[in-house]
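The values are calculated or read from the model by the stated rules, or taken from the named source; none is laboratory data. It should be emphasised that the depicted structure is a prediction, and the values quoted were computed from it without experimental measurement. Please note: Cβ atoms are built from the backbone with ideal geometry, for glycine as well, and neighbour counts cover all protein chains shown.
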Amino acid sequence: MLALELDKVSYRYPLASSEALKNISLTLGERESLLLAGRTGAGKSTLTRIPNNILTQYFSGTLQGRTSVFGQDIKGKSVQELSSAVGLVFQDYEAQLFSTSVLKEVAFGPENLGLKREETKERIKDALERVGLTGFEKRDPATLSGGEKQRLAIASLLACRPKFVIMDEPTTDLDPDGRRRIVEISRTLQGEGATILVVSLDIEDWAFIKRTTILRAGELVFDNVMEKAWKDSDMLLKNGVRPSPIVELFNRLQIPLSSRTANHSDFSLPLLNQYGYKFSEESYETLLKKENPSSAIMSREIIGVNTLTFNYAGRTPALKNISLSIKEGDFLAIIGANGSGKTTLLKILKGIIASPANNVLYQGLPINRYNPFDLGAKIGFVFQNPDHQIFQKTLWDELIFGPKNYGWSDAKIYSGAYHLMELLGLIGLEHMDPALLTKGERQKLALASILIMNPEVLILDEPTTGLDYLEQREFMDLISEYHSEGHTTIIVTHALWVVAEYAWRALVMRQGEIIYDGSVRSLFASPQILESASLCIQELTKLGLETYGKVLLSVEEWMACLKKS
């Protein structure tokens, strides 16, 4: 039996100038799995809202074509009728969290399915164990980290045990250990008889899924086995998916790959030798000489933290004895597992959370002595969830809110706003309600509303979530350009390729403590530090260490150091 059949399905949102989905025909067999990918705005999230009829019940757009779920036409069926069979985790997972405790959140689904108390308890226990939230039952979801909230949304779905599981970007805010856990849960669910549909741009994570479908501008442009997609790095890049860096490297070297086992050094080194590639020590030394400036060059401290400890009420310390010196012009990446204290530290550096003592300094003065209005122009902050800072009725009003309140001239406001909208691809969306934008577009708007103020320090919490790979590159290139003008930049991210290719310095946190503070290259030369923080070394870097004993951080560095004999 088919779990899902879409027959010539099209959908147009209210007031939209074009269709979000265009004549889509797609089938997914019962107990099968499918990975759905494509650029921001391609129609992926729209497609996930069709099988449980959310589009027809909660949106007033126009849906055409026929949709069947487990052999039944769903036309006219309510979300409630379909909920026992079809479960959906939104890309914006916070939008579906509403209870006052983790326990109540996970219990909501089973209770509304009319299950007996004992079965409800058993399902809650099982769901929380699967996602690693056992012991969080009494926590208010609002106090969880972004990754913990994402796992909670998934646990709420698991407790309902639907036959058809749909997850829209379910690992965007998770650390590597959390991502592996969710992938393994999905694999197990399929083994237990569930049908799995996952939207993700991280196809490397979802190796167990055998089929990939790619949408572009609402149209289906690729539907084939995962292996074929994995090998075609150019096709993936075109559609906003980050290809395997090793596949990209070997494609650029024009070395054919037969399988994913080429990721391992015992296969890769013979291939490199076979095609006449040798490692150039001279080129590697040249690369190291171009390394980012040392802290000695950046001599002026702009932010200082001295023995900072911070507790949320009734909980273990979120930060423990943190000391940190950030120099003017630095580019610092803060990494660590979900719940390790990264976001708490950022919020204290910005002054969003009050420092418990005078132990956080900005330009030599305690940060709590600054007027919040003055500090707002000096330190810019982009939240992990853009919806936490967007509040105006139109994109334009949101973008100019800061400059307008700081008394800028109309000419200066217009010039800065349109420059940023052009850079970020927001032209034409000026009058849109931000609530109707994609998450990626809202992420861009949040960044633009901070960059327009030209702050001395730019702080970004998970800046690339909600963006496709090409947008992530554009986003980080813009941040890098801003940094190159002398602005201090601090980011929190789980994307280690972002750390490797953009940051100058890395700080690793574990359970509220700093366990590493040093250069990015030195960090990646120490896999044990990453592993101790529930992180993992990139395959591309691992290949360099195992093959040549060198730390190579990107495909470009590999290309610079490999010479054909």
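Which condition does LEU55 not pass, out of (1) at pLDDT 95 or above; (2) surrounded by 14 or more Cβ atoms within 10 Å (Cβ to Cβ), if it passes all the others?
(1)
Quick one: which of SER325, SER340, SER283 is outside the structural domain of LYS439 (by TED's automatic domain parsing) and of a type in the set (Gly, Ala, Ser)?
SER283
With surrounded by fewer than 17 Cβ atoms within 10 Å (Cβ to Cβ), in a loop (DSSP other than H, G, I, E, B) and modelled with pLDDT under 95 as the only criterion, which of GLY466, GLY486 stands out?
Within the list GLY466, GLY486, the selection yields GLY486.
Can you find a residue that is of a type outside the set (D, E, K, R) and in a helix (DSSP H, G or I) anywhere in the range 352-361?
Looking through the range 352-361, none of the residues is of a type outside the set (D, E, K, R) and in a helix (DSSP H, G or I).
Would it be correct to say that ALA127 is over 24 Å from GLN80 (Cβ atoms), of a type in the set (A, V, I, L, M, F, W, C) and assigned by TED's automatic domain parsing to the domain that holds GLU184?
Judged against the criteria, ALA127 is not a match.
Return the residues of the range 503-559 that are in contact with a Leu (Cβ under 8 Å, 6 or more places away or on another chain), of a type outside the set (S, T, N, Q), without any contact (Cβ under 8 Å) to a residue 60 or more places away in the chain and assigned to a helix (DSSP H, G or I); say none if nothing qualifies.
Correct list: LEU523, PHE524, PRO527, ILE529, LEU530, GLY544.
With under 27 Å from the mean Cα position of the chain (by Cα), closer than 30 Å to LEU133 by Cβ and either in the same structural domain as VAL492 (by TED's automatic domain parsing) or among the small types (Gly, Ala, Ser) (or both) as the only criterion, which of LYS393, LYS347 stands out?
Criteria check complete, one pass: LYS347.
Working only within the range 65-77, note down all residues that are within 32 Å of the chain's Cα centre (by Cα) and either surrounded by fewer than 15 Cβ atoms within 10 Å (Cβ to Cβ) or free of Cβ contacts under 8 Å to residues at least 60 places away in the same chain (or both).
none
For the range 78-98, which positions are of a type in the set (Ser, Thr, Tyr) and either outside any loop (DSSP other than H, G, I, E, B) or surrounded by 16 or more Cβ atoms within 10 Å (Cβ to Cβ) (or both)?
Listed by number, the residues that qualify are SER83, TYR93.
Going through the range 135-185 one residue at a time, which ones are closer than 17 Å to ILE335 by Cα, hydroxyl-bearing (Ser, Thr, Tyr) and surrounded by fewer than 23 Cβ atoms within 10 Å (Cβ to Cβ)?
SER145
Collect the residues in the range 262-308 that are at pLDDT 90 or above, of a type in the set (Gly, Ala, Ser) and either outside any strand (DSSP E or B) or more than 33 Å from the chain's Cα centre (by Cα) (or both), keeping them in residue-number order.
GLY276, SER280, SER283
Going by what's in this entry, would THR62 be described as of a type in the set (Ser, Thr, Tyr), more than 16 Å from LEU437 (Cα to Cα) and surrounded by fewer than 21 Cβ atoms within 10 Å (Cβ to Cβ)?
Judged against the criteria, THR62 is a match.
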